[in-house]
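The values are calculated or read from the model by the stated rules, or taken from the named source; none is laboratory data. Every value quoted in this text rests on a predicted model; they were computed, and no experiment measured them. Cβ sites come from the backbone with ideal geometry, for glycine too, and all protein chains shown count toward neighbours.
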């Protein structure tokens, strides 16, 4: 078997790397993003996996006719690198030769040359495999990549073990009707609404765990903030004193993620105009106090939860008061929180549970879990649940769990808010909602 050497591997040319090769002859491969003809020369913009690279076709230098190139064809371009402040990334390639690698069978239905893609959301999703070629559209998913990379880097540095829990399960972590049900070799099964049970079980042997994985909710909502399949950033940690330990861990993690984006994703930050929030101490407010304030400004209609409008009103209030774009809301009513959440012994109507709101949207739900076997069984029974149905989950409690808690973050929601997107579907590569099963 032939050995593959480092120099044989194809690399994605970045403007920074090209600038270091000023005056050298290089070959860059990419898609023809746009062609602008100006007299005897033409600017052929190549779209690589992350960047736009300006190449210049001069008839006196390149013998091949420009007519051989067209928007959407994939090509290999060879030429000399020169610095050009007016070019994207401050560098360009004076074309000496090119080779067409493939041609499209049909023209784009969308204009890739526009600074922003001029298409309705419906059109964008209909032509998703084309829309995502636009630099601004795909940059969203580089930001998402950065969030995930920063999250993983922080978790591993803080002794969390990465796990991958099953997505086909026998029982649902959240319960209710919003579950995708399926047959599994004749048995009843569901798609996982959360890795919750497996996170808690894993605390017994790892102490701290995290996961990046898909979550499925059979919600009939057709709103700008809901998806039926999304990516969750989850973690669970043992040996906590209270839910504030979990909140503090999330605060530190978000601080790290924003610094990671700042350090590694400047091209996308500049392109999208991303405004990274400062994450210092995140203020918190008890649900009852938040509700009392909201009622003074026309909100707080739901006694057990915050509405979408409430989240916007509360975030605006906290931002004006403290300067923070984040706010924790704690001590939600236990009636609306899952059965595995620990209740406040001083006020059993309150749960040791919290949400994190960011720029008017809930991005996190978390809290302290019940670790005691008898306490968990008792809470199940008060809710009319049969502990026998949850035997595999309760086995971990029966054999002992440390005090623990954790949370789940909606990756698409956090991405959408960072990128100032109007609809969460814009932060999903191929969104799944009640109307979209393809592409």
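Looking at segment 170-188, is at least one residue surrounded by 13 or more Cβ atoms within 10 Å (Cβ to Cβ), at pLDDT 95 or above, within 22 Å of residue 386 (Cβ to Cβ) and out of contact with any strand residue (DSSP E or B) (no Cβ under 8 Å at 6 or more places or on another chain)? Checking segment 170-188: not a single residue is surrounded by 13 or more Cβ atoms within 10 Å (Cβ to Cβ), at pLDDT 95 or above, within 22 Å of residue 386 (Cβ to Cβ) and out of contact with any strand residue (DSSP E or B) (no Cβ under 8 Å at 6 or more places or on another chain). Residues that are outside the structural domain of residue 383 (by TED's automatic domain parsing) and in a helix (DSSP H, G or I) occur in segment 109-122; there is at least one. Picking from residues in segment 213-248 that are surrounded by fewer than 18 Cβ atoms within 10 Å (Cβ to Cβ) and farther than 22 Å from residue 429 by Cα, the one that is nearest to the chain's Cα centre (by Cα) is 248. Test residue 295 against the stated conditions and say whether it is under 24 Å from residue 318 (Cα atoms) and assigned to a helix (DSSP H, G or I). Yes; evaluated as a whole, the condition is true for this residue. Residues that are in contact with a helix residue (DSSP H, G or I) (Cβ under 9 Å, 6 or more places away or on another chain) and surrounded by 17 or more Cβ atoms within 10 Å (Cβ to Cβ) were ranked within segment 89-109; the one that is farthest from residue 13 (Cα to Cα) is 98. With respect to the conditions (1) more than 13 Å from the chain's Cα centre (by Cα); (2) under 22 Å from residue 421 (Cβ atoms); (3) at pLDDT 95 or above, residue 206 lacks only one, and its number is (2).
Are any residues in segment 86-106 out of contact with any strand residue (DSSP E or B) (no Cβ under 7 Å at 6 or more places or on another chain) and modelled with pLDDT of 95 or more, and if so, which ones? Scanning segment 86-106 gives 103, 104, 105, 106. Residues in segment 76-88 that are surrounded by 21 or more Cβ atoms within 10 Å (Cβ to Cβ) and either without any contact (Cβ under 8 Å) to a residue 24 or more places away in the chain or out of contact with any helix residue (DSSP H, G or I) (no Cβ under 9 Å at 6 or more places or on another chain) (or both): 77, 79. For residue 233, the criteria (1) modelled with pLDDT of 95 or more; (2) out of contact with any helix residue (DSSP H, G or I) (no Cβ under 6 Å at 6 or more places or on another chain) hold in every case but one, which is (2). Strands (runs of 3 or more DSSP E) fully within segment 145-234 that include at least 2 residues being in the same structural domain as residue 335 (by TED's automatic domain parsing) and under 30 Å from residue 263 (Cβ atoms): 208-216. Check segment 249-263 and report whether any residue there is in a loop (DSSP other than H, G, I, E, B), within 30 Å of residue 90 (Cα to Cα), within 17 Å of the chain's Cα centre (by Cα) and modelled with pLDDT of 95 or more. Within segment 249-263, not a single residue is in a loop (DSSP other than H, G, I, E, B), within 30 Å of residue 90 (Cα to Cα), within 17 Å of the chain's Cα centre (by Cα) and modelled with pLDDT of 95 or more. Going through (1) surrounded by fewer than 17 Cβ atoms within 10 Å (Cβ to Cβ); (2) in contact with a strand residue (DSSP E or B) (Cβ under 7 Å, 6 or more places away or on another chain); (3) part of a strand (DSSP E or B) one by one, residue 327 falls short only on (1).
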